DNA sequence: CTGTTAGCGCTTTCAA
DNA sequence: TTGAAAGCGCTAACAG
């Protein structure tokens, strides 16, 4: 069962291991006849170069780390697919890690990835300062930030135009006649959440509407806690340092208030799912009782009753772009953050004019 | 920027590199005072052992391959999370690859993983014979089959009781009064699909109902083609060797037939989504015009109108179990396929008695 | 209790 | 046009 190595190939072909290496990598001229002998030996012996040994010799492992919050989040899932497709095409492997937005898990993952000598890293950082991340950057490992930014990290970032998407969404609601529009968001540390907040604000201000702080509600964005299936199945999440109420709690309070908003803009798909559960529980009909618009499209969104109006993000392309950018960095090319990718307002039927003229 | 190695640590601590190695790995006794010196040196220099070098020396990389069909499929996504949670806890990294049910992609992925000297493999095989997979097995790499089996491969398999789940689903429909119950499935090569077929058959036979071959319809299970979002975003799929019509085509034919079935049992979540789109297009109401029951729960299923009746699979646990089994194999323990995990019939509201007495 | 040293399998000067 | 040999950073005998 002893694995066969380039030495075996060399012997079989009657050449040195240097020559074997060179024909495999095409890294210097080899007489056609010699090359053929080596090639034959390779196929006869079914030789596969050992990437670990090569990695040690070249200090390049062809492995890329992909660190995201949770692969079960359809947003990241689509992104991950974009990344993997792009990387595998370049014969790079992608190692993925989940952080659950937990800085401790983030540190641990990065530690392991660093030890593994990854050639590059694509990360959707938690947003909390992360020593391992900065260390990786200092060590010269190419890094691209995905969707969000990490404090203190100098690295190109691939994301969407969050403020603009939020702005459009809220403007759409305002045009429909809404005056009191809530914003449901997740962790403050996550840059997308605050950028979307800014878009919400700008739209209100431009319309001369008051920006009431109590219209901004925060909830744990990690899963729709009222959803039976994942909840009962989910592993206990890390949550270190993060304590936020569930969507259900938060909306229960907001939407039973006498001066409740007539519309809500939601920052993520998981929060949206939670909100939908909350509506059901509170007996609120959408859009009759409350209009809803959210970030992230979902493949079931058009089938929903009502079909969901959303701000669509180019998820797959986000991952693809991040991977392409990383490849450029690995090749040593100079890169800069590309302009934010455009989002798209998809109007379906979860928003309607407010019944009582806008709350 | 020259990376620091165990040699640097040794020098700094005034010991040999062997001692450094031993304190790091706790692999032989080191005097407390010496150990402390080494530890200090490590932290002063911020030394991180190079896993690649270690991998070369020990021929153990602490990397596991996870090969699935498509990470965008929520089934695999949950499984992958179970795998990653389990592996990361053991300080193993997981490299994931998508095959798109394409044997060519499968081969390519495995080839790369083999070169990378993975310590183990968890795979949901396409079901087509796969040379690289057998080669990996021959080379003694621990493998566990996930959800399905690959022809000719001797490896423990972690899956659910597919036939039983299908049987229960169809029995439920029969109890409701249905007589003509269709089965919508994906690729024949995928073992789960045929096992579920067997369950469907058994339920019909036991009830004395005819098993009509034209009630079994096959469609491309890879994505809901009528769903606008993923379709427009999706990368061109591989599809080598697989040609199957879309759900829309297949159901268009089946359900406009005069003697159309009054109920349908669907083998996967992606096919279900496609069916839901098809219903919409055909103007069929569920469950009034047709009852639907499917494999795989989804977090939005309870919110759907009608809430979907499903056979739930323990997805997360499937991944977790596979990973645990793999760890045992890596430790050299003897293992066998565990009994299939139980599925659960979740009755919601997408099935009702047939209007005309069961077609 | 600790150091020396021979690899692991490959790449890459340097020589020829 | 090709070979010899020195590493890459670590582990694991073997010595002492």
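Observations on the structure shown:
- Look at the alpha carbon pairs under 8 Å that are at least 6 residues apart: their mean separation over the length of the range B:95-228 gives a relative contact order of 19 percent.
- Pairs of alpha carbons in the range B:260-307 whose separation is greater than 11 Å (percent): 68
- Shortest-first distances to equivalent copies, position residue B:39, nm, label 7 Å out along Cβ: 5.8
- Taking A:5, B:262 and counting other C-beta atoms within 10 Å, the order from fewest to most: A:5, B:262
- The range B:179-219 shape via C-alpha gyration tensor axes, a/c threshold 1.5: oblate
- Normalised contact order of chain A, rounded percent, pairs of Cα under 8 Å and 6 or more residues apart: 18
- Separation in nanometres of the label points that stand 7 Å from Cα toward Cβ, at residue B:59 and residue A:328: 4.3
- Estimated inter-spin distance, residue B:17 and residue A:43, nm [label 7 Å along Cα→Cβ]: 4.0
- Cα shape, the range A:144-230, gyration tensor, a/c 1.5 rule: oblate
- With Cα atoms as the point set, the radius of gyration and Dmax of the range A:56-202 evaluate to 17.4, 66 Å.
- Using alpha carbons only, the radius of gyration of the protein assembly as shown set against its Kirkwood radius gives Rg/Rh = 1.00.
- Fraction of antiparallel bridges per DSSP, chain A only, in percent to nearest 5: 10
- Distance between modelled label sites at residue A:348 and residue B:206, nm, 7 Å Cα→Cβ extension: 3.8
- Of A:267, A:13, A:137, the residue with the greatest mean-square motion in the GNM of chain A, using alpha carbon springs below 10 Å, is A:13.
- Helical content of chain A, expressed as a calculated mean residue ellipticity at 222 nm, amounts to -13000 deg cm²/dmol (DSSP H runs of 4 or more residues, -39,500 (n - 2.57) each, divided by residue number, nearest 500).
- Gyration tensor verdict on the range A:86-173 (Cα atoms; rounded if a/c is under 1.5, prolate if a/b is larger than b/c, oblate otherwise): prolate
- With the alpha-carbon atoms of the range B:147-188 aligned to their principal axes, the span from lowest to highest coordinate is 42, 18, 11 Å, starting with the largest.
- Inter-chain neighbour count for B:96-107: the average number of beta-carbon atoms from partner chains within 10 Å of each residue's beta-carbon is 2.
- Within the protein assembly as shown, antiparallel bridges make up roughly 10 percent of the DSSP beta bridges whose residues both belong there.
- Here, the range B:315-359 is characterised by an Rg to Rh ratio of 1.38, where Rg is the alpha-carbon radius of gyration and Rh the Kirkwood radius.
- Shortest-first nm distances, residue A:348 label point to equivalent points in other copies (7 Å, Cα→Cβ): 1.4
- Neighbour-count ranking [beta-carbon atoms within 10 angstrom, fewest first] of A:220, B:46: B:46, A:220
- Remark on the range A:270-359: ratio of C-alpha radius of gyration to 2.2 N^0.38 Å is 1.51.
- Against the compact-protein benchmark of 2.2 N^0.38 Å, the Cα-based radius of gyration of the range A:12-95 scales to 1.54.
- Gap separating the Cα centres of the range B:117-178 and the range B:291-355, nearest whole Å: 14
- 7 Å along Cα→Cβ, label-point gaps from residue B:139 to other copies, nm, shortest first: 2.5
- Sorted by Cβ density within 10 Å, fewest first, the residues B:178, B:111: B:111, B:178
- Relative compactness, chain B, computed as alpha-carbon Rg over 2.2 N^0.38 Å: 1.24
Read the figures in this text as sums done on the coordinates, not as results from a lab. Note that this is a predicted model, so its numbers are computed, not measured. Cβ coordinates were reconstructed from backbone atoms using ideal geometry, including for glycine residues, and neighbour counts include every protein chain displayed.
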